[in-house]
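Just so you know, all these numbers are worked out from the coordinates, no wet-lab data involved. The model shown is predicted, which means the values in this text are computed figures rather than measured ones. Counting neighbours? That spans all protein chains shown, and the Cβs are built from the backbone with ideal geometry, glycine included.
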Amino acid sequence: MTTNAATRASCRTAIRNAAALMLATATIVAAMLTPASAASAAIPRHIALAATYTGGPDTITSFRCDPASAPSTCHGTAEGAATYAGGWSGTSHYIYRFLVAPSNTVTVDISERFEGTVEGCGTGTFTVLTHETIEASGTAQGRWVIPALGTDDLRQLTGTGSSTGSYAPDGAGGGQLTGRLLCQG
């Protein structure tokens, strides 16, 4: 009887060990096959940006000068498209309001919708808001901000930076962007 009981005990131990091994194996396989949670996938990443752009010529959608005689201050709206390379790769459509001072310095407030890829962050769309000053020579300097208004991989993208560029009177031109991005997608 002792032999039979010992055999049963070792058989139970073997079955328990086999069950434990199968449970451990199933747990490991399940962990490997389960996608990461949204919380762990959304680790914020700070990205240094450097990109170039070309755009224009732009289409003036409204224009008015006050007073109508020279020298005067003129203002209006316009729109256009741009192509980006570098840290941002893609295309955009922009609309803007502008003010032309008697000195021919132009102040511009731009709302731009970018579609493409941000290196290190992903692909989608986002909005860029830019305030730019363009000297009479066509040389431009600006500051930009990205509010969290994106889509797809870029839905939580934010950032700030500066721009420099050079433009012809019809808005055609190009320049460089530098800044810092926070990718949370």
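A few remarks follow.
- Coil-residue GluC sites (Glu not before Pro) of the stretch 90-185, DSSP, other Cβ within 10 Å capped at 11: none
- Here T91 and R64 are evaluated by their C-beta separation; at R0 = 22 Å the FRET efficiency comes out at 0.15.
- For L149, distant residues with modelled amide H under 5 Å away: T127
- Taking 0.36 nm per residue of separation and subtracting the current Cα-Cα distance, fully stretching the chain between L149 and A101 would add 14.1 nm.
- The length gained on full extension between T164 and T54, counted as 0.36 nm times the residue separation minus their Cα-Cα distance, comes to 38.4 nm.
- Taken one residue at a time, the phi angles of the stretch 97-110 give Karplus couplings (6.51, -1.76, 1.60, θ = phi - 60°) of 10, 9, 9, 9, 7, x, 7, 6, 6, 10, 9, 10, 10, 10 Hz. Gly and Pro are set to x.
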